[in-house]
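Following: one structure in structure tokens, then a few remarks.
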Amino acid sequence: MSDASAPAAALRLTALRKSFSKAAVDGLDLIVRPGEFYALLGPNGAGKTTTLRMIAGLLAPDSGGVEVFGVNALADPVAAKQIVAWLPDEPMIYDKLTPLEYLEFVAGLWSVPPDVAEPEAEALLRRLELWEHRDQRCEGFSRGMKQKTALAGALIHAPKLMLLDEPLTGLDAAIARQVKDLLVERVQAGASIVLTTHILEVAEKLADRIGIIRNGRLIAEGTLGDLRAQAGQAHSTLEDVFLRLTQEAA
Amino acid sequence: MKPGSLVWLVAHDLRLSWRRFAGMFRNMSGRRAGLIVAAAVACFHLLAWPAARWMANRDASGDMLYPAVAAGLLMVLPWIVSSALTNTTRALYTRGDLDLLQASPLNPRTVFAAKAFSIAVESMMATAVFILPVANMNALIGGAHWLAVYPALAAAGFAGTAVGLVVTTTLAAFIGPRRMRLVAQVVATLVGAGFALGLQAINIVSPETRGWLYEMAAHPPAGSLFDHDGWLWLPVRAFAGEIDALLAWSVFSVLAFLAVALGLGARLGRAAILAAGAPQVEPKPQAAARPSRRFRAGVGPSLRRKEWRLLARDPWLLSQVLLQIIYTAPVSVVIWKSLGPQGSLSLAIAPALVVVSSQVAASLSWLAVSSEDAPDFLASAPVTAAAVERRKLEAVAAPVGLFIAAPLAGMVVAAPDIAVWTLIFCVAASASTAFLNFWHPAPGKRGDVMRRHAQSKLVGAMEHLLALLWSLALMITLFESFWALAPIAIAGAVLAANRPRRATGVKPVASQPTGMTSTATSMR
């Protein structure tokens, strides 16, 4: 239960656990603040994707709590999903739909009024340079175009919390730049973002705070300066810090 | 074998085919799988016994032997051609290892000749399963000359594949790779359905025509189309065990196949390259810079519209679903003819319509639930799983209604009472198979709609059982007997037994379609 006097965290994970054949997430406690860009880093199999899938309501935790802007996501998943967007590395789109039809579908699912959704769809597609392709089916799109379509879908319902799992995988530099710029704008507008990535430069440049997870547990958290101090490497890159901390925890 | 040679490539393809076949028994021990295969072989041989006895009688009397074999070939040859067409389009579009082979420094002609050979083997194996048991039993009863069916069938496989390859490459040349898949599938369907309808052809023609056909077949005038010594009857004589004819038929088939496989190898290669890069959508001219349509609100309309769009935009998929309608046509003919003088066409179509509606509903509901393109996306939307299921069911109902609307309308004019009962049973049958697929999702790709039961054989068996029960119930109802309640009760019991027991507070499950529960997966 969150403290009623304190401003609700954008995301609060409490002793979150999930096991498959072994523990994937092992008592994870995490808080993301409103308007914060939070990067969740970790080696392969650390539990990043499992964590995000539990927050998005795609996976049930074995125990623990998930709270999104004060809404208990396990007790009232529909209310939590209403303010959350989930964007995995594989774009979740329909090949036989056009980008505009896809956005109309997403807006319908999130009950965005048509008079709001339609201009927003146009703005997003123009911004992501997909407007010229709005009436073409996604099946002919490149991976980058599909990922941009999925991103537009994630943004059209103006989520307060965005969960991005390796959103830049396989994108070329220009498209990756477009996506990063759009994400930063959303954070500046008040949205919160939790992003996982193996591209540490992205986390270094974009994230307000960084969490490092290993074997389902948070082993370090803070700003880049905090992490450097924790690793005892005052002038190192995030890559050096990350490797040092994850090796220490091994 | 020299790596990269034709034989090496053929062996590679056949090994993959074998592993696909063996994959059907992946959860069984080798001994159990062997026992099942042996039981199936024994079963096919037992079923072939009456056919063999009948053929032995024709063989002994002599006069009707060739017409009987010819009738069999009229089924087998189109079947092989149809299989070859399907296998060729699948090889070109499903790709598999085609990209790897085309990127290798192998001669494309060798690659495609090997592919063609594998297609021929697969096509002949599809028919051999049913034909060879008959040949074996014939050999047991009527003499060893019936073993000539083995080489004759192999030759038929080569000849049929040659025809299939010619049709495919011709289609690719004239209509382009984008449409080729659909058109080739339709042609394969029509050829396959032609064989099914051909089975009943003798029952459809008038008694006078039938008598004339029998007379011509038994005592053909020399030089006519029915002359058993003519070239048209070469495969018939080969299958009947005439050595000269068998040699000629084998040489002709193998030469035709080699000419096509080697001669069209380059064309097939081009078709494969085009198929790989074929846009599956017509590029549209750039529209003016304005929203091209108005957004509409609501979860329900959004979900329904999405399902309908996905269906309407995949004509190949639709043709696969429609196959079931074509294959049900012969059933109507059989029922119609078996009803005797008092039989009416409405009475004959009604049970077939129930089967069609239930099968179409089953296919569409599988597409809507199990082959959902973005299950995680739907699961992340602020909509309950139950709401999504309900909307998807609604989306499935409309196309099923469309499929049966025209025949039902005809029935209303001809026999309104039959039409009303048919509508009621169509709704019941469609709902039951749709619910079955909603309760027991078996995730797969949309293109696998006709092979969906490979994952869930029990659900497939239940689907067919329900269709038959509702169809039977309708027939008995139309004959005004209370015995109709028996199949209805059994159908109800089947549904009740299959209904998943939902736990309260069902947890979402990763990467599974919305609405899937742990109990629902237990059947697979």
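With the crude spin-label approximation of a point 7 Å out along Cα→Cβ, what separation in nm comes out for B:Leu74 versus A:Ser142?
The two pseudo-label positions are separated by 5.8 nm.
Decide, for the range B:65-174, between rounded, prolate and oblate: order the square roots of the alpha carbon gyration tensor eigenvalues as a ≥ b ≥ c, take rounded if a/c falls under 1.5, and otherwise choose prolate if a/b is larger than b/c, else oblate.
Values: a/c = 3.12, a/b = 2.18, b/c = 1.43.
Prolate, since a/c reaches 1.5 and a/b exceeds b/c.
If packing is taken as the mean number of other Cβ atoms within 10 Å per residue, what is the order of B:214-222, B:29-37, B:414-422, highest first?
Numbers: B:214-222: 12.9, B:29-37: 11.3, B:414-422: 17.0.
Per-residue Cβ counts within 10 Å, averaged per peptide and sorted highest first, yield B:414-422, B:214-222, B:29-37.
Summing +1 for each Lys or Arg and -1 for each Asp or Glu, what net charge is found among the other residues whose Cβ lies under 12 Å from the Cβ of A:Ser63?
Details: positive: A:Arg17, A:Lys18; negative: A:Asp26, A:Asp62.
My count for the surroundings of A:Ser63 gives 0.
Using the Cα centre as the reference, give the magnitude of the dipole from point charges on the C-beta atoms of the range B:359-473 (Lys, Arg: +1; Asp, Glu: -1; all else neutral), rounded to the nearest 20 debye. The partial results should precede the final answer.
Values: 8 positive and 8 negative charges, 38 e Å.
Roughly 180 debye, rounded to the nearest 20.
If you build a Gaussian network model of chain A, linking Cα atoms that sit under 10 Å apart, which residue out of A:His198, A:His235, A:His133 swings the most?
Comparing A:His198, A:His235, A:His133 in a Gaussian network model of chain A, the most mobile one is A:His235.
I'd like the orientation of helix A:173-188 relative to chain A: the angle between its Cα long axis and the longest Cα principal axis, in ° from 0 to 90, rounded to 10.
In chain A, helix A:173-188 runs at an angle near 80 degrees to the longest axis.
Taking the dipole about the Cα centre of the range A:1-129, with the C-beta of Lys and Arg at +1 and of Asp and Glu at -1, give me whichever of A:Ala80, A:Ala39, A:Val106 is farthest to the positive side.
Working it through, the farthest residue towards the positive pole turns out to be A:Ala39.
Can you give the FRET efficiency for B:Asn107 and B:Trp8, using 1/(1 + (r/R0)^6), R0 = 22 Å, r = Cβ-Cβ distance, to the nearest 0.05?
Values: r = 13 Å, r/R0 = 0.57.
Rounded to the nearest 0.05, the efficiency is 0.95.
Beyond a 28 Å Cα-Cα separation, which of these cross-linked pairs lie in this structure: A:Lys160/B:Lys306; A:Lys146/B:Lys392; A:Lys22/A:Lys96; A:Lys180/B:Lys306; A:Lys48/A:Lys96; A:Lys22/A:Lys160? Could the numbers behind the result be given before it?
Values: A:Lys160/B:Lys306 26 Å; A:Lys146/B:Lys392 25 Å; A:Lys22/A:Lys96 39 Å; A:Lys180/B:Lys306 30 Å; A:Lys48/A:Lys96 31 Å; A:Lys22/A:Lys160 33 Å.
Result: A:Lys22/A:Lys96; A:Lys180/B:Lys306; A:Lys48/A:Lys96; A:Lys22/A:Lys160 exceed 28 Å.
Comparing A:Asp89, A:Asp62, A:Asp115, which has the greatest mean-square fluctuation in the GNM of chain A with Cα pairs linked when under 10 Å apart?
A:Asp115
I'd like the carbon and sulfur percentage of the solvent accessible area for chain A, probe radius 1.4 Å, heavy atoms only, ligands and nucleic acids excluded. Mind dumping the intermediate values first?
Numbers: 4890 of 9840 Å².
The computed percentage sits at 50.
State the answer as a single residue: which of A:Ala173, A:Gly190, A:Thr237 lies farthest towards the positive end of the charge dipole of the range A:167-250, with beta carbon charges of +1 for Lys and Arg and -1 for Asp and Glu, about the Cα centre.
A:Gly190
With everything on Cα atoms, drop me the angle between helix A:143-155 and the longest principal axis of chain A, reported from 0 to 90° to the nearest 10.
The answer is roughly 90 degrees.
If I model a spin label as a point 7 Å beyond the Cα along the Cα-Cβ vector, how far apart are those points for B:Ala387 and B:Val254 in nm?
6.8 nm
Quick one: what does P(r) look like for the range B:1-93 with 10 Å bins over all Cα pairs, in whole %?
13, 22, 30, 26, 9, 0
How about the range B:391-450: which trypsin sites (Lys or Arg not before Pro) there lie in a loop by DSSP and see at most 12 other Cβ atoms within 10 Å? Don't skip to the end; give the middle numbers.
Details: sites: B:Arg391, B:Lys392, B:Lys445, B:Arg446; in loops: B:Lys445.
Sparse-neighbourhood loop trypsin sites (Lys or Arg not before Pro): B:Lys445.
Treat chain A as a sphere of radius equal to its Kirkwood radius over Cα pairs and apply Stokes-Einstein at 4 °C in a medium of 1.567 mPa s; give the translational diffusion coefficient in µm²/s, rounded to a whole number.
Values: Rh = 18.7 Å.
Rounded, D is 69 µm²/s.
Summarise the partner chain shielding of A:75-86 as one whole number: the mean count of Cβ atoms from other chains within 10 Å of each residue's Cβ. Don't skip to the answer; put the middle values down first.
Values: counts 1, 0, 6, 5, 1, 1, 5, 3, 1, 3, 1, 5.
Mean partner-chain Cβ count within 10 Å for A:75-86: 3.
Please average, across the residues of A:96-106, the number of beta carbons from any other chain that are within 10 Å of each residue's own beta carbon, and give a whole number. List each step's numbers first, then the result.
Details: counts 12, 6, 6, 0, 4, 7, 3, 1, 9, 11, 3.
Across the residues of A:96-106, the mean count of other-chain Cβ atoms within 10 Å is 6.
Just how large is the dipole of the range A:106-180 about the Cα centre, in debye to the nearest 20, putting +1 at every Lys and Arg Cβ and -1 at every Asp and Glu Cβ? Don't skip to the answer; put the middle values down first.
Details: 10 positive and 11 negative charges, 48 e Å.
Dipole of the range A:106-180, to the nearest 20 debye: 220 debye.
Per-residue Cβ counts within 10 Å, from other chains only, averaged over B:399-408: what number is that?
Details: counts 0, 0, 0, 0, 0, 0, 0, 0, 0, 0.
So the per-residue partner count for this stretch is 0.
Between the range A:103-150 and the range B:133-191, how far is it from one alpha carbon centroid to the other, in angstrom?
Each part's Cα centre sits 47 Å from the other's.
How do B:230-242, B:373-385, A:21-33 rank on mean C-beta neighbours within 10 Å, highest first? List each step's numbers first, then the result.
Numbers: B:230-242: 20.3, B:373-385: 21.8, A:21-33: 17.3.
Taking the mean over residues of other Cβ atoms within 10 Å, the ranking is B:373-385, B:230-242, A:21-33.
On a full-extension model of 0.36 nm per residue, what is the gain between B:Leu485 and B:Arg296, subtracting their alpha-carbon distance, rounded to one decimal in nm?
Values: separation 189, 0.36 × 189 = 68.04 nm, distance 4.53 nm.
Full extension of this stretch gives 63.5 nm more.
Between chains A and B, what is the buried accessible area in Å², counting both sides, with a 1.4 Å probe and ligands, DNA and RNA left out, to the nearest 100? Walk me through the intermediate numbers first.
Details: alone 11860 and 27510 Å², together 35380 Å².
Buried surface at the A/B interface: approximately 4000 Å².
Roughly how many debye, to the nearest 20, is the charge dipole of chain A about its Cα centre, given +1 on each Lys and Arg Cβ, -1 on each Asp and Glu Cβ, and no other charges? Working shown, then result.
Details: 26 positive and 33 negative charges, 101 e Å.
For this selection, approximately 480 debye.
The values are calculated or read from the model by the stated rules, or taken from the named source; none is laboratory data. Here the structure is a predicted model, which is why all the values come from computation and not from measurement. FYI the Cβ positions are ideal-geometry reconstructions off the backbone, even for glycines, and counts take in every protein chain you see. Just the protein is used for accessible areas: all its heavy atoms, side chains included, with ligands, DNA and RNA removed. Shrake-Rupley method; radii C 1.70, N 1.55, O 1.52, S 1.80 Å.
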